[in-house]
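These notes concern the structure reproduced below.
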Amino acid sequence: MKVSGFTFVRNAIKFDYPVIESIRSILPICDEVVVAVGNSEDGTLDLIKSIDSPKIKIIETIWDDSLREGGYVLAVETDKAFAAISPDSDWAIYVQADEVFHEKELPKIKAGMEKYLADKRVEGLLFRYVNFFGSFDYIADSHKWWKNEIRVIRNDKQIHSWKDAMSFRKNGKLLHVKDLHADCFHYGWVKHPAVMAQKIESFNKMWHDDEWMETKFTKVDEFDYTNIDNLIRYEGTPPKVMAERIKRMNWEFSFDPTELVKASLRIRFLNWLNNSTGWEIGRFKNYKLLKD
């Protein structure tokens with residue numbers, strides 16, 4: 001069984017992406033990792049080149065900044081990386097520049113790929129998406145956040161990144177997947193408030209035209225992390241690859257549950273229902289789960 005990893009990145013230093021940690025988190029179970037490095041304003045290319053591994057395969061890309069509807073440029077860049085993996089790979093594990101896989105999950109991921117290798121019904125593997133928020137100690141725990149994502153797919157070129165690279169589809173149709181019951185840690189909302197504000201502005205430019213940015217977007221110096229409706233403390237251990245980054249955390253994050261933004265009655269009910277019973281009502285699912 002041959003496994004390729006793939007990812008894309010641009011301006012990793014400017015926006016403080018943990019891309020080095022992301023890539024290193026999947027290296028142990030990959031035969032290669034393709035990194036599509038976009039034209040950047042900082043030293044992102046040199047940063048990726050600094051990873052000391054013969055498994056790394058870098059392709060340099062130019063982002064089409066005219067693709068400003070729905071963040072589609074992110075899917076285009078994802079597809080460029082996926083297209084560059086070795087044709088003889090069986091599986092491809094996808095990691096975005098702000099995602100990390102815990103080392104404890106790697107044996108489970110590899111075992112899942114081996115288990116379903118011959119079962120051609122299985123087009124992808126599903127992960128629990130763990131959204132850290134504000135700091136490395138808290139998780140956003142609300143119905144509004146994505147709960148599951150596909151992060152392993154077959155090396156099938158009929159599969160493409162979907163929408164803003166949130167997931168994948170095959171010829172426009174939902175993938176048939178197996179749930180690995182493994183975690184994918186998302187650190188996209190854990191940055192210094194000033195850096196987070198810059199990232200929010202940059203991302204809005206990928207979704208909206210200049211007129212919208214001029215009339216609808218409010219520029220701020222620092223992101224307000226208090227605008228959240230539900231957080232829980234992360235009780236586990238962090239991935240080893242994140243240890244140094246966590247030590248370097250250079251901002252204060254204060255959490256007062258009494259000051260949480262009050263969610264709508266509907267969201268509060270859905271949060272309660274999911275946390276109390278495990279039932280999920282109305283949550284969008286971009287996959288078809290195969291039963292054992």
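All of the numbers you see were taken from the coordinates with simple rules; none came from a lab. Quick caveat, the model's predicted, so the values are computed rather than measured. Cβ: placed from backbone, ideal geometry, glycine included. Neighbour counts: every protein chain shown.
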Exposure proxy ranking, count of Cβ atoms within 10 Å, fewest first, for ARG68, ARG233
ARG233, ARG68
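Given axes a ≥ b ≥ c from the Cα gyration tensor, I'd like to know whether region 150-211 is rounded (a/c under 1.5), prolate (a/b larger than b/c) or oblate. All intermediate terms of the calculation are to be shown ahead of the outcome.
Values: a/c = 3.97, a/b = 1.58, b/c = 2.52.
Oblate, since a/c reaches 1.5 and b/c is not below a/b.
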Would region 1-154 count as rounded, prolate or oblate if I go by the C-alpha gyration tensor, calling it rounded below 1.5 in a/c and otherwise prolate when a/b exceeds b/c, oblate otherwise?
rounded
As a test of the formula, what do you get for the chain when each DSSP H run with n ≥ 4 contributes -39,500 (n - 2.57) and the sum is divided by the residue count, at 222 nm and rounded to the nearest 500 deg cm²/dmol?
-7500 deg cm²/dmol
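Only four residue types carry charge here, +1 at the Cβ of Lys and Arg and -1 at the Cβ of Asp and Glu. Report the dipole size of the chain about the Cα centre in Debye, rounded to the nearest 20. Intermediate values should be presented prior to the final figure.
Numbers: 43 positive and 46 negative charges, 259 e Å.
Its charge dipole is roughly 1240 debye.
If you rank SER22, SER89 by fewest surrounding Cβ atoms within 10 Å, what's the result? Mind showing how you got there, number by number?
Working: SER22 27, SER89 20.
The fewest-first ordering by Cβ neighbours comes to SER89, SER22.
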Determine which aspartates and glutamates satisfy two conditions relative to LYS157: a Cα distance under 15 Å, and not lying fewer than 8 residues away in the same chain.
GLU77, ASP79, ASP88, ASP90, GLU123
Amide H to amide H under 5 Å from THR61: which residues, 5+ apart in sequence or cross-chain, H placed 1.01 Å off N in plane?
VAL37, GLY38, ASN39
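Which whole-number percent is the relative contact order of region 1-145 (Cα, under 8 Å, 6+ apart)?
Numbers: 210 pairs, mean separation 45.9, N = 145.
Relative contact order, region 1-145: 32 percent.
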Antiparallel as a % of all DSSP beta bridges within the chain, to the nearest 5?
45
Is any residue of region 206-238 close enough, with backbone N under 19 Å, to a label point placed 7 angstrom from the Cα of HIS192 along the Cα-Cβ axis, and if so, which?
220-226
Mind sorting GLU235, GLU21, GLU69 by how few other Cβ atoms lie within 10 Å of their own Cβ, fewest first?
GLU235, GLU69, GLU21
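Excluding VAL3 itself, calculate the net charge of residues whose Cβ lies under 12 Å from the Cβ of VAL3, where each Lys or Arg counts +1 and each Asp or Glu counts -1.
Numbers: positive: LYS2, LYS55, LYS110, ARG154; negative: ASP31, GLU32, ASP88, ASP90, GLU114.
With Lys, Arg at +1 and Asp, Glu at -1, the neighbours total -1.
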Rounded, prolate or oblate (a/c below 1.5 giving rounded, otherwise prolate when a/b exceeds b/c) for the chain by Cα gyration tensor:
rounded
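Averaging sequence separations of C-alpha pairs under 8 Å and six or more residues apart, then dividing by the length of the chain, give the relative contact order as a whole percent. Spell out each step's value before the answer.
Details: 533 pairs, mean separation 61.9, N = 292.
That works out to 21 percent.
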